[in-house]
Each structure stands twice: as structure tokens, then as C-alpha cells.
1. Take the residues in region A:95-110 that are over 20 Å from A:G125 (Cα atoms) and in contact with a Leu (Cβ under 6 Å, 6 or more places away or on another chain), then tell me which one is surrounded by the fewest Cβ atoms within 10 Å (Cβ to Cβ).
2. Within region B:80-101, can you find the residues that are surrounded by 24 or more Cβ atoms within 10 Å (Cβ to Cβ), at the interface with another protein chain (Cβ under 7 Å from one of its Cβ atoms), touching a residue at least 40 places away in the same chain (Cβ under 8 Å) and not basic (K, R)?
3. Working carefully through the options B:R492, B:R467, B:R405, find the one that is more than 23 Å from B:A198 (Cβ to Cβ) and either surrounded by fewer than 24 Cβ atoms within 10 Å (Cβ to Cβ) or modelled with pLDDT of 95 or more (or both).
4. I'm trying to understand the selection: among the residues of region B:297-314, which are charged (D, E, K, R), free of Cβ contacts under 8 Å to residues at least 40 places away in the same chain and touching a helix residue (DSSP H, G or I) at 6+ places or on another chain (Cβ under 8 Å)?
5. Quick check, is B:L259 surrounded by 21 or more Cβ atoms within 10 Å (Cβ to Cβ), over 18 Å from B:H432 (Cβ atoms) and touching a helix residue (DSSP H, G or I) at 6+ places or on another chain (Cβ under 9 Å)?
6. Of all residues in region B:712-727, count the ones that are away from every other protein chain (no Cβ under 14 Å) and under 24 Å from B:P688 (Cα atoms).
7. So how many residues does region B:697-707 have that are in a helix (DSSP H, G or I) and under 11 Å from B:T582 (Cβ atoms)?
8. Being part of a loop (DSSP other than H, G, I, E, B), farther than 30 Å from B:A465 by Cα and either in contact with a Phe, Trp or Tyr (Cβ under 8 Å, 6 or more places away or on another chain) or more than 8 Å from every other protein chain (Cβ to nearest Cβ) (or both), is that true of even one residue in region B:142-149?
Amino acid sequence: MEQNARREFFIRLAQGTALAATGGLIWSALLQQQAKAMPNALRPPGALDEDDFQALCIKCGLCVRDCPYDTLRLSTAGDSVPIGTPYFLPREIPCYMCPDIPCKVACPTGALTPELTDINGARMGLAVIDIENCLSWQGLRCEICHRECPLTDTAITVEHNPRKISKHALFVPIVHSDACTGCGICEKACPTDEAAIRVVAHELVQGKIGDHYRLGWKVDTTITPDFKPYEKSGPLPVAPDASGGLDYLNEGVP
Amino acid sequence: MEITRREFLKSSIAATTAATVGMPLIQGAQAASEDFEADWQWDKGVCRFCGTGCGIMVATKKGRIVATKGDPDAPVNRGLNCIKGYFNGKIQYGKDRLTQPLMRMTDGKFDKKGKFTPVSWEQAFDEMERQFRKAYAEKGPAGVAVFGSGQYTIQEGYASAKLMKAGFRSNNIDPNARHCMASAVVGFIQTFGIDEPAGNYDDIEHTDTVVSWGANMAECHPILWSRVADRRLSSDDVKIVNLSTYANETSNIADTEILFKPGTDLAIWNYIAREIIKRDAVNHDFVDKHCVFATGPYDIGYGMRNTDKYAFDAEKDIMAKELEVTLTAEEAIAQRRKTGEKVKQNNTKKPVKHWLITYEDFKEALDPYTLDFVSQLAKGDPDESLDDFRAKLKLLADLYIDKGRKVVSFWTMGFNQHYRGSWINEQAYMVHLLLGKQSMPGNGAFSLTGQPSACGTAREVGTFAHRLPADMVVMNPKHRARSEQIWKLPPRTINPKVGSHITKIMRDLEDGQVKFAWVQVNNPFQATANANHWLKAAREMDNFIVVSDPYPTISAKVSDLILPSAMIFEKWGGYGNAERRTQMWREQVPPPGQARSDVWQAMEFAKRFRLKDVWGEQMVPGLEAEGFESGKLPDVLDKAREMGYSPDDTLYDVLFATPENRKFKWPDKVAKGHDNHTVKAGALDWFPEKALYQEYVQFGRGHEHDLADFDVYYRDDVRGLKWPVVDGKETEWRFNEKYDPYVKKGSGFEFYGKALKELPTGDLDKPTSKEKTSLAGKAKIFFRPYAAPPEQPDDNYDLWMCTGRVLEHWHTGTMTRRVPELHRAVPTALFYMHPKDAEDRGLKRKDVAMVESRRGKVQAVVETQGRDDPPRGYTFIAFFDEGVLVNKLVPDITCPMSKETDFKKCAVKVRKA
């Protein structure tokens, strides 16, 4: 009860800041901060894409209120997150992945989508490992992240590789984006001074293989037995940029 | 390829749900595209780029390549690709793809000084025919030429070679593969009497020791190198040595890196051979049974012009060495002569002649190559101690000699592009044969190739100035007769005089000997050394140059007529890789616009000529051969009539659409529904790619070069086959009884190649008797001395410059520079130099430098750190970048035996631009 009261206070404080700012000189400064805010805040489970989320979130704080672990907080002035929106810092308090997802249930607008019914389907961010400072990658037998991970052996697996400089194998943790929920329990648990595994917004770290390529051993294909050639004489596969080629060709000897 | 928002949304409920729960778009898109891919059609193919020969799978939709993947069933690469291979699906979609013929015109007519203007194929061939006839009338078969390619499909190379050799009776067809592996070929033919490696890539998994000589495999054969790396990681007993003139990526997993001075690799091999003898490690049983010893003349020049009539003033001092050389102190020791001795180069015309010597002579010749002598001569890095370098050389000898160790030596352009490239190839076999470590799993000297079909087409089909298919040569009357028989030509149709090699074709353009040249599947005006001469010759001499290419290249730019070509998966074709593996693919998509296959182009051009135009008497200056009048090819039209030909038959009828070939009907069930635009464009009822291939395989069958039937390579369960394919079985290791059906039973090993197997006997300096001994079944162990590079840094041009490749770009970048991602990664060729050398010249990293040699200058961006790390005194630059035409700098010095250019040794000076 007392805890809830404290949280209410902070929520009101955050909302109050936003309100107070409307009348003050710092309004323009806040606007700048809003504009500069990085799209990399870790949002509660079920949050829509950042643009859609910001459009729908009414900064009511109900998700924060209903989070049983105090994980969620509302951003205040000075945070690098748009003011009044919910986020969390896993090194302080990670998301403990409540099966009933109370934050989502509390959300009145669908900014945290009601379609998220299984917390394991949440994608709050992606854990990434600094392999230079990860003790496991150096060969120490740590792998705390792997053991602490709520989806261990799915979201974090351990690979065994030879360690060239001794007789011992390396036990290296590997994060898999298709299962990692971004809860941050690994980041919280990481025993190094600064966490060597951290949860980061997907768009900050995740690459993408070209649409023109498939990994040979992952995508199964068979030779098409009855190939249908392209019959249409319609538009060329490539729009010829003959003039560009011509300019180059006619510009003289190199 | 882009998935539109709409398609994305409708693709599947699962994907939509995933997206709404905050799953990153990447995963959503992946789920969507899997559904989207349902109507993709997949087929097997081969990577377009290097000589490794990785298998890929190609997906198409609506006439477009939508994706590729590494083929998990391909034994070469098991589903992997390098970053060039990753972009196989994008190379055909550059914005400036040529889709119609372009000709230099003024006022609607061809004009050498005119501007490129779109024309029809009809107009293009009309002018081409007119220009060809003019050149042919004036200069005969020697006045026309084809710049061929190691990237020709088998059928393209075969069609072009047949058109030139059988049709136009000209041997002036030579591929860019001359720049790439001609020295390897000479090494093979001289040593074994037959071309191409004995082993295969599985040697990597079988060996304990990989020695890479003058190869940056890590970048230039990336997927093979990952096999080597895997082998290295499997056990600490596996050792890797990288010999190079500068530190490169291949050093990264090497246990030992040996940086040597350019050209001293010749001395290092001799040191190893001397050690083998000194340590009594010669495998006498193997050597006595299977080998003989041989040597040849040293005064063979450097493959330059023997006149400086066309030379720039600054290059005359180097060119004078073609006539006479003053021996350095080291050469004097290495060649048992006196320092400062002036040696006339008397054997420039017959550099390949050689004779048998005794084992005692061989030993004596190696005697000067002590560790003391070789380590002082060869140490390349001025900042390395002599003791360290000595220790490395000794370790290298230890690794080779260790009886318990298997050794594979790999090399590429560092050996082949060498002023003594043929010698150094032979030296590799010298060491492997002395040890008996050859032609068995995990043991062997293995020459890697650079291009995807340097082996399969340039060498096996024989698109060289001296070659015919299946290792035959135009100089040999029996070979000509056999070819004339298969090709159904009257006797003495084929020209017995060797044509111009690729660099000589350039020289012929410069001195007006060649008036018509057709560039096919290569970019010689960027890739040939001493380019300033040739660029000028193309534009200022009276000649007509045709370039067939998918893109506007430097060569296209200096040509007179440009023909738009179909690219790899826009036509049917086959390639042969460095392990003798022949692989084929089907046409997957139509070529854009009016682009057409090179086979179609050759056949259409052939329709323009009748037998009476070409098979009459022809002047060939310098032709001297038994059965031929001096300087003349005979009129063979009468004989042709007897054979049932009419003088009015076209070359197309006689060479391509023969009654036998027309029996290969189109459509064919091997196509599985795939199209053939060559058939469509020519309105044919026959299948030219299959017919030409089936005609071609007759040359090799029963002659140690057996290939399987066309259809076999298209079977779903086949991923290429290593020739000779005998009774349906491929050959893993040649010359070894266990694996090779051509080896006599009970012999163990037999080096059965037939070429150059009758030799006179002599001493170290000369043949002493004319009587020839047969060496049937044996390999030759050559003694070849150290000789100094003709161009070396001096006070004025004070740095070595080496050229080569980077992983990201293929050759002259005409395809890979049109892939935006590859261009973004490596937009320009960087000039790698030692930081101290840069500092001494007032240069900082990323400064633009003026790099100048005796032959020209270019500007390039300086790099003092990164992938290549030259010692003081050395520099490296890649040749892919047409913005940095580095071949303007490089001398056209060649190995006199192979005529392959030494692109690795050029003296330059560098200053701030």
C-alpha cells in the first residue's frame, strides 16, 4: 500500500512536470528534448512500433502503477525519452515477465497491444553482448546470463569452442533474437562492473540480410521440376539508362 | 524484390501478429517473405566470380532473379559464399546495363571519331562485317584478332575459337586468362606433359601443411581459405605458411609469415631442394621410377618488345634488357657466372627448349643456394633481422622435408604473373617430386586459378593463340589433323603458325599489324599492363575495335562498336573450376532489351561469311611449317567441294549449324521448361549450347580429358564432375593408380601426359647430343636458377609496387562496382604503403598521392594501415578501380615462356598530388 502510494506520487510528479512545462520558459527546451529523444527507450511489453506507440500513449501512467516490480517508470525532464512515457532500465529493475502482463492489461489505449497474450512473445529490446568484456567469452566459467535467462537455451544458448591458449573450452553465450524478449534479467544479473550484456532497442543493433540472398543451409529449396519461363515481352527487367551509359562512353579516353 | 506494404500486410496472419506485438520489422518481413517466396522457381547455378567454383541456387520470378543462396549440396562450398558471391543476384541489374548496340557515328554513318549512337543489330553487324573484310583483305588472318576470356562459358569459348581457327584460319585469339595462368600451364605441360592440377580441393582436408606462395587466398579464394582455416583450427599440428612480398590477410591464420624480396622465390625453392638433397630426404624410389631431371637456357629475355621504336623515353633503359643483361652479383652466384658479365639474350625465340641432365648436374646446380646466400638475397622486410628470416626459411624446409607430414603448396598470381613465372611453377613441382609428395590425397603442388572458367574454357577448350581443344596445339601436325577431322575441315585449313598472345595483340594494334579486334567477356584496356600505349593505339590507329559487354567499360569506351551481351544466368552455359570440376547451368531469365548471348553473336557474325571468303589462299607472313608454302595458307576450297561443301556455304552452316549439331533439337527435356533466348533470337529448331558441347567433348574422350554428356551435368543430383570422367566416374587424384583410370596398372604413379616427352641430353649449359630419349610416363624435375627482376627500384623510382585484387571486387570491377553495397564498402583502390615511407614523402593516410612509373602516372588515396601491410620499400594497389588505372604504370614484362605479364613488380615514385 505504501509502495503504491509512493509510485502514485512519482507518477503525478512526472505528469506534473509535463503540465508545469506548458506554462514555463522551458517549454521550448522540452520540445527540443522531445525532438532529440532517441527512439531507443525500452518500452513495456506489447508496445507498438515507436511511432505508433507515441501516437497512442496518453501518458496516463496506469502501466507504471500496475507494474508489481517497480520496473516501469515515467520519463521526466532530462531523461532521453519523451516525457511522461513509460520505459524501464533493466540494470536497475528488469522486466520479470509476469504471465498475466498487468501493464498491458492496464493500458487504456492499446499502445500496449491487447494482442500480446503470451509474455514470451514480447520484444522489448534485444540483449547484446560485449564479447571483449564478457567473462564467458574470455573463458571464465560465468554464463550467469544463460542460467538466469527466463528462456534459457532458447533466447540465450551456450556454444562450446576451443580456447586456443589453454586446454579449456570456451563456453560462449549467444543471444537469439527470435526468442529474446528484451526483459533485461541478464543485464541485471551480469557480474561485471558495467554490464557486458545489455538490452538495446532492436533498430539500434539489428542488421538485415539482403532480400536477394538466402542462407543456403537455412532455406530449403529444390530444383523446380517444371520451370515456367517469363513469356511476357512487356517491360524490360531493367529500365535501360542508355543515356547515362552514353554520356560516360562519349566523354573521352581515360 | 522489395516487399510492398500491401503485400506485407496480406501475406500472413502470423506475420501481422508478430509485427503488432512489437516484433521488429526484420522478423516480420522475414515471415512475410517466406510466404511471398511460394511462387519462386529455384535452379542450380555457379558463382560468376573466381576460380573456386562455388555452387549456388538461383531463384527467379517474372523474368527476374529475385534471390540466390549458396548451394548446400555443392561440395566446394557447402552452402557458403563470399561477399561477392552473396551478390550474384544483383550484378545484372546495374542502372547503365547496355541493352542495344552502340556505334561511333557522325551524320548517320560510322566514324572512328564519332560519338556512340544506338544502332540496330543489323547495322552493327553490317559495319562489323565491312571492317572485318577490309582488315582481312589487307592483312590476312593475322590482321584480325579476338581478345578472349577465362570467363567465357565453355560453349562461348568453343564457338569463338572454332570461328577464328577453323573459319577465319587465324590463331589470333587469346584470352585474358593469359594474364592469369599461362605460366601455370607451361609449368604443367613441361613437367607433366598435360595441363591442370593433379589434386582437388579435398587435399585441404587431407593435408597437415598448407604453404601459400604468392597468393592472398584469404581475399582471392575466400571460400577455399575458410576450408584451410577450418583445417588449421582442427589441430595444432596443422601448420600454415604464407610467403608473400607484403603482409596480407592470408597471414592472419598463418603460423609463419615469410616476406621475401620480389623474384627471390626462385632462390627459396632452390634452397629447399638443396636441403632435401643435403638431408638425404630425396624419395629415390619415387624419383627413380617416375621422374627425370632437366634444365633449359637462362638467356631468354623478359617478353618485352625487342625494339624501343614504340617506347616512351623513360622505359627504354628497362627495354634494353630484352637484348642484353648485365648480371648482378647474386645472379652471378646463382647462375655460376661472373658479376657484371654482359649476357646477350640469345634464346628469346625459343625460351621453352629444354634437355635432360643428370642427377649429379642437378645437385651441382643447386649447390650455390645455401641458407646464407638465399637468406641474404631473399629477406624482404628491412626491419626484420636476418637471423629471424633465416630461421623461417629453415622452418619452411623442415616442414616440406618432414617425412611424417603431408604438404600442399598453393599459389596463384604471385607465381604466374612473374618474369620467370613458368620456372617458378616448375620449381614447385621440383620440390614436391623430389619428396614424392605429389598426386596423392593431401600431398601436392596445387596451382589455383583466378577465373571461373580459366580451366574449363580457356585451357580445356583452348582459346589461346597456340592451342586447340584438349591440350592440343596448332604447331603439331597430328593435332591439326585430328581437329580438322572432328571439325570436318579440309586438311591444312588450320593455320600452323601460333597467333599473337593477348599482350602482343595490343602491340599489334599499336604497330598497325592488327586492324580488327573483337573483345569478348573481358576488359583488356583496363587489365593489360602498360595501358597508355594501348589506349592510344585503340583511338589513334587505323583499326576497328568491337566490344561485347553487358556494361560500358574502359574497353567499350575506347572501342568503335559496342555489342550488348547477356550475363551469366541470362543464357545457358558451363564453367570449369581449378579442381577440374565442370559445372553447368540453365538460362534462368531473359536478357534485357536487345542484349544477346556471345554464342548468338558468334553465330550471327559467322552467317556473314562464305567459305570462298576465307578458305582460299591466305597470306600469313612468317608462316613456316612442313607441308605449307612459306608465308601462305593453301586454298582448300577444292578439297571442301570434295567433302560436299559449296564455296557459298556460310561459316554458320559449316561450323555451327552442321547436320550433326542440328540433331540436338530444341526444345529438349533437359531444359525442364527453361527458355533459351539464343534459340529464340536465331529462330532455331536446334540447341546450340548442347550441340557445341557434345561436339567439343569428342576432342577429349579417350585422350585423358573425358567429359560427361551434357545432360549428366544437369541432373538434380550432380554438382559438377571432376574430369576425366570415365565410365561415369570422376577422377579425384590424377596420375595416381588408386584414383586415375588412365594410369597403367601396377605402376603406382604414371605421369602420362604426352607433350614434350622426347628430349635430348645435355649438361647444365646446353644440350650435348641431338639424340632424343623418350620419357613416357615420367615427370620432369627442372633446375631453374635465380634471375633478377628486370625492373627494380632505383634512386629515381624508389619503391616496389605490386598490384592485385581485393575480396570485394571482381577483376576490373565492371560487375561488382555496379552493386551499390560493394561499391559503398570499397569505392576506390587504395595505395597501401608503409607509414614511414609515407611520412618520408610528406604523405599522411588518406592524402592523394601521385604515383609515377616509367610508363605513366595515376593519382591514388594513400592508406598506411588496414588489410595490407607492406614492409618499408613496398607498396600495393588493386586493379579493379577504373578511376585509378594502375595498369598505366605496370610494365608489359612477361614470362618469356608463358607470355604472362608480371603485374607484381613495378618501380614507382610517390609524391603528394
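1. The extreme case among them is A:T109.
2. Passing the criteria: only B:L98.
3. On the way: B:R467 fails: more than 23 Å from B:A198 (Cβ to Cβ); B:R405 fails: more than 23 Å from B:A198 (Cβ to Cβ).
Matching residue, one of B:R492, B:R467, B:R405: B:R492.
4. Scanning region B:297-314 gives a single hit, B:D308.
5. Working: surrounded by 21 or more Cβ atoms within 10 Å (Cβ to Cβ): yes; over 18 Å from B:H432 (Cβ atoms): yes; touching a helix residue (DSSP H, G or I) at 6+ places or on another chain (Cβ under 9 Å): yes.
Here the answer is yes, as B:L259 does meet what is asked.
6. Pass one, region B:712-727, residues away from every other protein chain (no Cβ under 14 Å): B:712, B:720-727.
From what's left, under 24 Å from B:P688 (Cα atoms): B:712, B:720-725.
Of the residues in that region, 7 qualify.
7. 2
8. Step one: of region B:142-149, the residues part of a loop (DSSP other than H, G, I, E, B) are B:149.
Narrowing further to those that are farther than 30 Å from B:A465 by Cα: none.
No - not one qualifying residue is present in region B:142-149.
The values are calculated or read from the model by the stated rules, or taken from the named source; none is laboratory data. Because the structure is a prediction, the values reported are computed rather than measured. Glycine also receives a Cβ, built like all others from the backbone with ideal geometry; neighbour counts cover every protein chain displayed.
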